[in-house]
Structure formats: structure tokens, C-alpha cells
Amino acid sequence: MLLGNAASHMSEEACANLYFSGVFLKSIFEFISHIINSVKTGLLCFSVSLFRFYFPGWYGSGSSNAHRFGVTKSSEAPVLDDITMAYLFAQWRSDFVDGSVSVPVSHDAQEECLGMAVLDMMRIAKEKSRSPVDIYNNSSYKSFLPKGMRAHIQDYHFVTRKRIRYRFRKFIQQFSHCKVGLRDLKLKYLASLENLQPAFYTEHFHVSEPSIGKVTIIVTGNQGIQWTKGKETDGQVQSTINLLRLALSIRSRIVTINRQDSQTLELEFQSLVEALSFVSLIDGYYRLTADAHHYLCKEVAPPRLLEAIQSSCHGPVSMEFAISRLRRCDNAKGMYILRSSPKDYDKYFLSFVVGYKHCQIVRTAAGEFVLSGAKCVFGSLSELLHRYQKEALRSEGHVFQFTKCCPPRSKEKSNLLICRSNQGSDMSLSPSDFKHNISQMVFHKIRKEDLETMENLGQGTFTQVFRGIRRELGDYGEMHEMDVVLKVLDKNHRNYTESFFEAASMMSQLSHKHLLLNYGICVYIMVQEYVRFGSLDTYLKRNRSCINITWKLEVAKQLAWAMHYLEDKNLIHGNVCAKNVLLTREEDRKTGTPPFIKLSDPGISITVQPREILIEHIPWVPPECVEDCRNLSLDTDKWGFGTTLWEIYTGGEKPLSSYDSSKKLLFYEDRHQLPAPKWTELANLINSCMDYEPSQRPSFRAIIRDLNSLFTPAFDIQEPVQFEARHLIFLQQLGKGNFGSVEKCRYDPLQDNTGEVVAVKKLQHSTADHLRDFEREIEILKSLQHENIVKYKGVCYTAGRKNLRLIMEYLPFGSLREYLSKNKERFDHKKLLHYASQICKGMDYLGFKRYVHRDLATRNILVESENRVKIGDFGLTKVLPQDKDYYTVREPGESPIFWYAPESLTESKFSVASDVWSFGVVLYELFTYSDKICSPPAVSLPDCTWAFFYNFLFFNKRSKYVVKSAGHRISSCKLYL
């Protein structure tokens with residue numbers, strides 16, 4: 001094994017972050033600083049570079065296998081270069097032969113190990129330019145096998161051992177003239193090891209979780225974080241946490257995982273070293289798959305990464321990416337990119353717009369930096385850049401100026417990132433590549449007679465705000481009443497109606513617990529949920545004496561999560577301020593209940609507001625938008641968040657309250673900052689958010705990380721499994737069928753509007769048969785955990801357990817059928833194929849669990865966001881018998897026959913293959929945008945009843961509609977691979 005940083009110099013810099021500096025001790029990658037400290041106690045340790053991060057199947061061909069992103073499809077690259085692959089081979093072979101990783105002792109494993117020994121002998125023969133037979137004659141074949149396997153073979157009868165040796169020699173003789181290259185032999189060896197023992201690339205941690213108990217955490221590159229109950233590592237996986245959607249913090253042996261779905265896991269490790277090992281593993285995988293320039297936890301952040309962030313330096317990105325990035329920055333004069341050299345660890349490149357030329361920076365042996373051709377040395381990259389910003393450099397007839405840096409962007413795709421084999425196109429595009437645009441206004445229309453206006457709550461710049469009551473009729477004729485806020489657009493500002501409706505539309509299509517719920521629009525009235533404690537700035541002023549710093553930081557973190565949700569969807573709020581943050585729940589220190597806030601709608605966009613109003617709203621409106629309102633971007637919200645964070649810390653003080661318009665403009669012109677809080681870390685965070693260079697402002701993921709580092713919350717509300725009916729607050733009816741209905745509700749046990757918005761399915765008729773089928777549906781959904789299947793939340797019983805309700809996650813965009821028909825102009829074939837791939841993944845998971853959906857159609861596929869769809873409605877789902885690959889339905893009832901396979905209609909047989917047929921119909925629906933004119937019933941038999949069609953097929957098995965047998969259909973797994 002190579003010592004120190006040798007691996008970094010051997011391989012491409014893009015592959016260097018696949019290594020881990022540390023030692024292999026007690027089967028755990030120990031954190032290097034703790035190993036160094038152990039030397040002081042007399043324990044001798046050697047620091048080595050070990051290959052830790054691995055993506056199964058990376059060596060395969062095709063975009064479905066793990067690969068590095070490229071500027072274009074043709075420039076995608078393998079995960080490992082040849083040198084790195086050779087290093088991995090040396091490490092895995094050593095672990096394999098030494099028995100560091102146990103191999104099962106079985107006949108199949110023995111055959112696989114013997115085959116690998118043949119490959120290894122052939123490799124050595126290639127390296128030494130000798131024949132494989134020579135290698136065999138001068139060494140024992142058993143020396144190429146794991147220790148355990150050697151001992152197992154040694155226990156055989158001598159006749160058996162002789163037979164194995166004879167067969168092995170025969171293989172060596174057969175392959176003596178094989179022309180396979182050295183690289184391919186190593187690749188085949190690695191692939192065999194990968195299939196033989198997942199322990200080579202899987203790490204297990206035994207931890208405790210307060211709400212679950214003893215848990216085994218399993219981490220792999222492709223699957224992310226999985227956990228099973230107890231200490232058995234081969235038990236059924238209970239849950240999977242996506243590496244792209246989490247935040248981490250660590251306190252002593254406790255690691256807190258904050259998921260993007262607002263759920264929190266607290267994992268207690270057996271030691272601090274093991275906790276740091278786990279965090280460094282997740283941190284490394286995150287940088288390899290999500291964001292190469294972000295760290296999840298400062299305790300394990302590599303010093304080189306911290307240095308790069310400080311100087312806005314890209315990692316070792318390719319020249320093609322650097323040029324592409326400069327082009328996307330409008331090729332402005334003086335624009336440059338600072339990047340690490342892809343080949344040399346101690347060199348950097350400055351890439352310029354002018355002729356796309358590059359200047360070299362060298363780090364000396366003393367750790368100083370010098371620009372190639374210059375004499376001055378500097379202590380840091382930042383100092384060097386600052387010094388030369390004031391000068392013009394000449395090279396090869398070109399004049400270069402360091403006017404503006406093009407820094408790394410959050411989640412920016414480059415050759416540093418790996419697209420995992422199971423990731424496909426799930427990874428959202430970076431903000432610079434793709435800007436989510438809800439172009440079509442979508443909101444619920446509310447009748448004026450369903451609203452009652454009550455007292456005036458205040459006045460905004462463009463609106464009057466009233467408290468009101470909204471009434472809506474339920475399924476069974478019951479009247480639902482709810483308190484609401486009525487935001488009425490002033491008559492004098494009706495010219496801003498379009499912007500007013502855009503804000504309402506955006507909020508209507510979002511669902512997050514820290515975003516204010518928008519019920520809909522009534523003429524010029526925006527109808528929103530009522531918030532009891534009003535705006536945050538007013539509350540802070542009124543209760544300044546009893547609010548502590550923990551309260552303020554908790555509120556700040558909740559707001560940051562709401563902003564991260566918007567940023568992740570590439571949506572701009574544009575009006576973040578304490579006045580627009582509403583307090584839904586007060587803190588209760590006796591019960592440990594935290595305060596709870598919600599961010600309101602942005603109101604009238606700053607892009608249409610008069611300049612005098614923008615100046616009046618300094619310092620919430622950032623400098624670039626005061627200069628030109630068309631500069632509105634994702635970075636705008638970071639400035640506004642910084643100002644709001646300052647408001648929260650100061651107890652609701654209004655910044656620059658004594659300044660008139662001219663002084664406010666001068667404040668920006670002179671690049672001043674708000675008075676810094678005494679808390680240095682918080683002051684630094686506020687100043688970074690309010691950086692006058694928009695591109696230098698941190699992402700909200702980084703802001704959440706920095707807020708987490710300031711404190712650990714003392715409260716965690718666990719999600720219930722069984723819900724109480726009295727806490728389900730009706731909001732809106734989502735759909736109604738022959739047997740059941742689905743409602744949008746808020747589960748609000750604290751009765752303070754802080755509860756989560758959920759979808760509630762209930763039966764229309766609670767007969768014994770219907771109830772039994774409904775309970776079966778619930779049990780099926782409860783057993784499913786997949787990112788492309790609607791998430792089960794819990795159940796709710798009423799009236800002596802006779803009336804049962806199913807609680808599911810609420811997906812704001814509704815069914816795929818309606819979403820496609822309303823937004824068809826926004827979809828190209830690539831996006832439709834993306835949806836098809838996700839449906840395939842969900843269906844493949846169902847097949848693996850031996851479930852047949854039986855009702856797959858776009859009406860039963862729900863849209864979470866523009867980038868994700870989920871399969872729902874498992875009312876007809878059946879479990880396949882263990883001894884058969886199909887299920888026979890005795891009572892077909894009312895069935896979606898135009899989505900059914902021929903064998904399902906003629907013989908009532910349902911299988912994975914019949915679901916594949918239904919998927920074919922779904923593909924048809926996708927590419928006709930679910931147009932009613934082109935729907936399967938309309939196209940198939942427009943003049944016939946469904947019953948006639950069913951009987952026709954049942955009695956005529958030679959019908960022209962029976963076109964393919966189930967055995968000839970491709971599996972859903974192969975469909976998306």
C-alpha cells in the first residue's frame with residue numbers, strides 16, 4: 001500500500017477524492033486527526049491512502065452505469081482512470097488474499113475464487129512477460145486464494161485436492177494464448193470481487209436511534225444510506241435516505257441527519273471516532289454525487305476544500321468545463337475561473353475569456369503561491385488574486401485582467417461529479433443551467449359567497465389584509481368552516497394584477513411545512529391560512545425580553561429550510577423579510593415545543609415595482625436589483641435572508657430606519673454593511689449572505705450547515721403512525737370516485753396551524769368487503785418505501801374503528817394525467833422519458849416485492865415536482881403467490897380494461913407482465929399528453945361500452961386485440977435500464 005498522499009499524485013486529480021487518508025483499524029476508517037493523536041500515546045500508526053468510495057457497475061458501458069458528467073454526452077468519462085483503477089486493484093486484491101474481507105465458504109464462492117486466481121496468474125504473467133504455465137509451475141495456486149478458502153480446501157480429501165489442482169492447471173493451459181490486455185484482466189478481477197462480496201464497497205455502523213432503538217446503518221455509493229432494525233446486517237432494509245437530500249451535524253457521539261422532507265434522525269455511535277468516520281463517509285459521497293464544492297460538516301471537511309472555498313477556486317475541472325462555464329457567464333471582459341490543475345497537485349490555472357487562455361499558479365514547497373512568470377510570492381490564493389486585480393497582465397499578445405471571478409455554483413455539474421447507476425436524470429440541474437419556471441398560472445378558484453370578511457389586520461404596500469372565514473361543502477353535505485386571511489389587492493394597484501396572481505399561483509403549487517398555505521384566488525383576493533401570532537418583526541419587538549438566542553436560531557433555521565426548498569426547485573421568492581415571516585406557534589419551554597414559522601407569499605414582484613419603492617425597501621432589496629430590477633435571481637433571496645437574520649438577532653429592529661432614500665443609496669454605493677452582531681460566527685454568516693458580489697453568496701444548504709454548527713436543537717417532534725381524527729383539519733377535496741374520496745387536510749395536533757398538510761383517503765361506503773379491501777391496500781402501501789411511490793404516513797380510525805382513513809403525503813401537482821394536459825407545451829420528449837424511467841423504477845420495485853399493481857395509468861401517477869413522479873392508488877394491487885408468477889382474479893368488478901393486458905381480460909390473469917402491458921398504455925398516454933381525444937377508451941372503441949368490449953374479448957380469444965403473450969414482454973427493469 002502506498003503511504004501518505006502518493007495516491008493523489010498517481011491518479012487524475014478528479015479521482016483523488018475517491019481516496020481517504022487514514023488507517024484501516026478494526027474494520028473502520030478512522031479519522032486521521034484522531035490517529036495522529038494516538039501516536040502521542042505510544043501507538044505506532046502509518047497514514048496511508050485507502051480507496052474508500054466506490055460505485056458498483058462503474059466499469060460497464062452505457063449511460064445507465066455510473067460515470068462522470070461531461071460538458072456534452074460524448075465527453076462523459078469513466079468513474080476511474082486507469083491509474084486509479086490499478087490502485088484499487090492492488091488494495092482489493094491485498095484485502096482479498098489476506099482475508100481482511102471475509103468470503104463465504106461455499107461451492108459457488110470456491111469456483112469464483114478459483115476463476116479469479118486464474119485471472120491473477122495471467123496478470124502476473126503479463127506483467128513479467130512470462131507464460132501463465134511458468135507462473136503456475138513456480139507458485140502454489142492456493143497462494144492466490146483467500147486465507148479462509150485455502151484452509152477450507154486443505155481440509156478436503158487428497159483426491160479432491162488433486163482434482164482441483166488438475167482442473168486449475170487445465171484452465172491455465174487453455175488461457176495461455178489468450179490475448180486479453182493487462183487492464184481488462186484487472187477489471188474482470190474487480191468485477192468478480194464486486195459480485196462475490198459486497199463488503200468490499202459497503203460499510204456498516206451499529207448505532208442507537210431514540211425512536212427506533214438499535215439500528216444497523218448500511219452505506220453504499222449507489223444506494224446512499226440504508227438502515228435495518230437490530231444488529232443483523234442482512235435483515236430487510238427499512239428505509240433509504242437519499243444522499244442528495246440531507247444535512248449533517250455532529251455533537252460528541254451523536255450525529256443528526258436532517259432530511260429534506262423535514263424528518264430528523266439522531267444516531268448515537270459507540271465512539272466519537274466511529275461517528276467521525278461515518279460523517280466523513282457521507283460527506284465524501286455527497287461531494288462525489290451532489291456538490292463537489294460543498295461540505296456537510298466542518299469537522300471532517302478537507303483543508304484543501306476549505307482553502308478552495310475561501311478563494312472561490314474550482315476543483316480539478318477539465319478545460320472544456322472551464323470554457324463552457326465562461327461562455328455561460330456571457331463572456332464578460334475580465335471574467336476568469338480559478339481551478340486546480342487536473343494533473344498536478346500543486347498547480348492551479350487561471351482561465352480567461354480572452355482567447356480562452358490559461359495562466360499557471362504554482363504552490364511552492366514552502367506553501368506559498370506564485371504566478372508563472374512573476375516574482376512576487378503570496379501566502380494564499382486570495383492574496384495573489386487581490387494583488388493582481390489592479391494590474392493588467394500580458395501574455396502571447398493578449399492582455400488579461402482579473403476583474404470578476406466566476407466561482408463554483410451550488411450543485412454545478414462537472415467532471416468532478418459522478419452520475420450513479422440508479423440516479424439517471426433525477427439529479428436536478430444547477431441553477432445556472434436550468435431555471436424552473438411555473439409559466440402557467442394554477443390556483444384554486446374560490447367563490448365570493450363562500451367567503452366572509454371580518455376585521456382589518458393591516459395594510460401592505462399594495463394590499464389590504466383582513467381576517468375572514470371560508471366555507472366549503474364536504475362529501476356528505478357537511479359544511480366546513482375555517483379561519484383565513486384575505487389579502488385584497490388595492491384598486492389603485494390593479495395594474496399589478498398579473499404579478500399578484502403569479503405569486504398566488506407559485507404558492508399554490510408548493511407544499512412545505514414552513515411555507516404559508518394558499519387556498520386560492522377570489523377575484524382580486526388571495527385566500528391564505530390564518531396565522532395566529534402575526535408577523536415575526538412585530539412579535540420580536542413585543543416579546544424582546546423573553547426571547548433567547550436559541551429561539552432566534554431555531555426560527556432562522558426553519559426559514560433557511562423553507563428557502564432551501566425554493567432554491568432546490570430553482571424558484572425565486574424575491575421578498576424575504578421578517579414582515580413576511582409569520583409565527584404560527586409560540587415556544588413552550590415546559591413541553592420542549594419550539595416556535596414555528598411560515599414564510600408568506602412574495603406579493604408583487606420587484607421586477608414591476610417603481611424604483612422609489614425599491615429604494616425604500618433597502619436593505620432587503622439587494623444592490624444589483626436596485627441598480628436593475630431585471631437582475632432578480634436566486635442570489636437575491638440570500639441577501640434578503642441575511643437582512644432578515646439581522647432582524648431576528650436584533651429583536652425585530654428595522655435596519656436603516658433613520659435613513660432617507662439618498663442615504664440608503666449611498667449606503668449601497670459605498671458598500672457598507674449592517675452593524676455586526678457581537679457573535680462573530682453569526683456576523684460572518686450575515687455578511688456572507690449580504691456579499692455585494694451576488695455569485696459569492698452561499699447556497700442555502702451551506703447556510704443551514706453553518707446554522708447547525710452554531711447550536712443543536714433540543715426538540716424533535718416525531719411523526720405519528722396512527723393519527724387522531726379530531727386533529728385532521730379539512731382543507732379541500734382533491735378527488736372522488738365510486739368507492740372512495742381523497743381530501744387535502746392538515747394534521748394539526750397542537751391546533752396551531754403548524755401541522756403537516758397530508759392527503760387523506762376514505763371510503764364512500766364502509767361495507768365489510770370494502771373495508772377489508774381498504775385495509776389490504778393500506779398494508780401494501782405501508783410495506784413500500786421507494787422514491788417513486790407515494791409515501792405512507794399512517795392511518796386514522798373513527799366511530800369504533802369502522803370508518804378508516806389512509807393518511808399519505810400530499811403532492812401539490814396532482815395526477816400526471818391532469819398535469820400533462822394542462823402543461824403540454826412545457827414538455828419535450830426528454831422530460832417524458834424521464835417520467836417514464838421513474839415509473840419503471842417504481843414498478844420494478846413493486847415486482848421485486850411480488851406485487852402486481854393492476855391499475856397503472858397516468859390518473860394514478862402523482863406529480864411531486866417537475867422532476868419527480870410517484871405511483872399511487874394501490875386499491876387493486878395483489879400479492880403474487882409464492883409458487884406462481886401470476887394471480888387469478890375471481891371477481892374482476894369494475895376494472896380499467898383499456899389498460900389491461902389481453903390475458904387479464906380473457907383469463908383474469910395478472911402478473912408483472914400484465915403491468916408491463918399497462919405501462920405500454922401509460923407510455924402512449926405520456927406521449928399524447930393525456931389528451932382526452934386520444935385517450936385509450938376514446939381511440940379503442942368510441943361507440944362501444946366497456947362491458948361489451950370485455951365480453952367480446954372473453955368469448956373470442958382470437959380477437960385481433962390479443963397481440964402478444966405475456967412471456968414475450970420485456971421486464972420493467974430492462975425497460976429503464
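The numbers here are math on the coordinates, done by the rules we state, and not lab data. Being a predicted model, the structure only gives us computed values, none of them experimental. Every residue, glycine as well, gets a Cβ built from its backbone with ideal geometry; the counts of neighbours run over all protein chains shown.
Quick notes on this one:
- Leu614, Leu416 arranged by Cβ crowding within 10 Å, fewest neighbours leading: Leu614, Leu416
- Note on Trp646, Trp227: ascending count of other Cβ atoms within 10 Å places them as Trp227, Trp646, the fewest first.
- For the cross-link pairs Lys782/Lys878; Lys491/Lys569; Lys744/Lys782; Lys73/Lys333; Lys793/Lys830, the ones whose C-alpha atoms lie over 23 Å apart are Lys491/Lys569; Lys73/Lys333; Lys793/Lys830.
- Residues in region 734-754 reached by a label modelled at Asn543 [backbone nitrogen below 18 Å; 7 Å Cα→Cβ]: 750-754
- Restricting region 138-239 to GluC sites (Glu not before Pro) that sit in a DSSP loop and have at most 16 other Cβ atoms within 10 Å of their own Cβ leaves Glu232.
- FRET efficiency estimate (nearest 0.05) - Cβ-Cβ, Lys347 to Ile124, R0 35 angstrom: 0.45
- Sequence-distant aspartates and glutamates (8 or more away, or on other chains) whose Cα lies within less than 16 Å of Lys824: Glu866, Glu925, Asp931
- Distance from the Cα centroid of region 145-181 to that of region 542-558 is 71 Å (rounded to whole angstrom).
- Full extension of the chain between Arg671 and Leu771 gives 29.3 nm of extra length, using 0.36 nm per residue less the Cα-Cα distance.
- The label point for Lys333 and the one for Val889, both projected 7 Å from the Cα toward the Cβ, are 7.1 nm apart.
- Under Karplus coefficients 6.51, -1.76 and 1.60, residue-wise ³J(HN,Hα) of region 846-860 in Hz, glycine/proline x: 4, x, 4, 7, 6, 9, 10, 5, 6, 9, 6, 7, 5, 5, 9
- Theoretical FRET efficiency, 1/(1+(r/R0)^6), r = Cβ-Cβ of Arg169 and Arg251, R0 41 Å, to 0.05: 0.10
- Excluding same-chain neighbours fewer than eight residues apart, the lysines reachable from Lys186 by a Cα-Cα span under 20 Å are Lys126, Lys128, Lys142.
- The ranking of Cys405, Cys840, Cys178 by Cβ neighbour count inside 10 Å, starting from the fewest, reads Cys178, Cys405, Cys840.
- Reachable lysines from Lys590, criterion Cα separation under 19 angstrom, eight or more residues apart if same chain: Lys552
- Region 293-373: translational diffusion in µm²/s, Stokes-Einstein, Kirkwood Rh over Cα pairs, 37 °C, 0.692 mPa s: 242 µm²/s
- Relative contact order %, region 553-635, counting alpha carbon pairs below 8 Å whose residues are six or more apart: 29 percent
- FRET efficiency for Glu693 and Arg826, using Cβ-Cβ distance with R0 set to 45 Å, rounded to 0.05: 0.85
- Near-label residues of region 496-513 by backbone N, under 20 Å of a point 7 Å along Cα→Cβ of Arg630: 499
- The mean sequence separation of alpha-carbon pairs under 8 Å and at least six residues apart, normalised by the residue count of region 465-568, gives a relative contact order of 22 percent.
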